[in-house]
Structure formats: C-alpha cells, structure tokens
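What follows is a single structure, written as structure tokens, with notes after it.
The values are calculated or read from the model by the stated rules, or taken from the named source; none is laboratory data. Owing to the predicted nature of the structure, the values given are computational and were not obtained by experimental measurement. Don't worry about glycine lacking a Cβ; one is built from the backbone with ideal geometry, like all the others, and counts go over all protein chains shown.
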C-alpha cells in the first residue's frame, strides 16, 4: 500500500561559491532572513533561510552556479515513508537512513514533522 499521509518540501539546498552574496540577495530582495547557520561565525558553510532555501558553500564545485544539492521534505510519518521507499529500490546515503538517493541522482532529506506542520503548510494558498 502506498504512503497514505501527506508531505511538503521544507527546503531546497543549493550549492553556491559565494554564500554571503546569496544570503544578502535573498534577505534584501526577497525578505528571507537567515534562520540557522552551520560553520564558523562570520564564515558559514551552510545557511538556511526562513522561506525554505538552504545554501551550501562548495568552492570546488564544477558546474553552473546554483546547482541543487537536495530536497528537504517534511513528512507526517517518517517510518512509514522509509518503509514505502525501500520498496522502490532507492539507496540510503551515508548521512543517515532519512537521506535517500533516487535512481536518477536526486537526493532527498526526509524529516519527521511535528504537530500539524504538514497540514498547515499545505493549507497555504500561494496563488490566492
């Protein structure tokens, strides 16, 4: 039986060479303040905005700037999702059992939602 609950994309992770520029742009142009950083003070390696963006510093990355790293997906029942995903032949990544690689290379970070977080996010009518 397929997963019967709901999920939503909580964040999209992007590889960038200049994290400071991206954080300033998303703050000053789009109003997305930083909610969390990882790394040393004043020199973040990763940063998350209020609004669903995650930026990962990757100065050695060879490819177009802004290549997606992974999708962060909030789920109502993590254990049920992992059990269903196992039937699809996806590969677990070294970061943990909630990190999956799909056959085409797309990576997912699955996160357990709390309370009514999923229902509240899905209730937003972005085109209203």
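Values as computed for the structure displayed
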| item | result |
| --- | --- |
| Search result, residues across segment 34-51 that are within 24 Å of residue 121 (Cβ to Cβ) and either at pLDDT 90 or above or not in a loop (DSSP other than H, G, I, E, B) (or both) | 34, 35, 36, 37, 38, 46, 47, 48, 49 |
| Filtered residues of segment 29-66 (kept if closer than 22 Å to residue 101 by Cβ, surrounded by 14 or more Cβ atoms within 10 Å (Cβ to Cβ) and more than 13 Å from the chain's Cα centre (by Cα)) | 57, 58, 61 |
| Condition met for residue 60 (in contact with a helix residue (DSSP H, G or I) (Cβ under 9 Å, 6 or more places away or on another chain) and more than 30 Å from residue 2 (Cα to Cα)) | no |
| Residue list for segment 1-33, filter: more than 27 Å from residue 82 (Cβ to Cβ) and not in a loop (DSSP other than H, G, I, E, B) | 16, 19, 20, 21, 22, 23, 24, 25, 26, 27, 28 |
| Residue 83 being assigned by TED's automatic domain parsing to the domain that holds residue 114, surrounded by fewer than 16 Cβ atoms within 10 Å (Cβ to Cβ), under 28 Å from residue 115 (Cα atoms) and touching a residue at least 40 places away in the same chain (Cβ under 8 Å) | no |
| Check on residue 91, without any contact (Cβ under 8 Å) to a residue 24 or more places away in the chain and not assigned by TED's automatic domain parsing to the domain that holds residue 2 | no |
| Subset of segment 100-128 [within 21 Å of residue 14 (Cα to Cα) and either exposed (fewer than 10 other Cβ atoms within 10 Å of the Cβ) or touching a residue at least 24 places away in the same chain (Cβ under 8 Å) (or both)] | 103, 104, 105, 106, 107, 108, 109, 110, 111 |
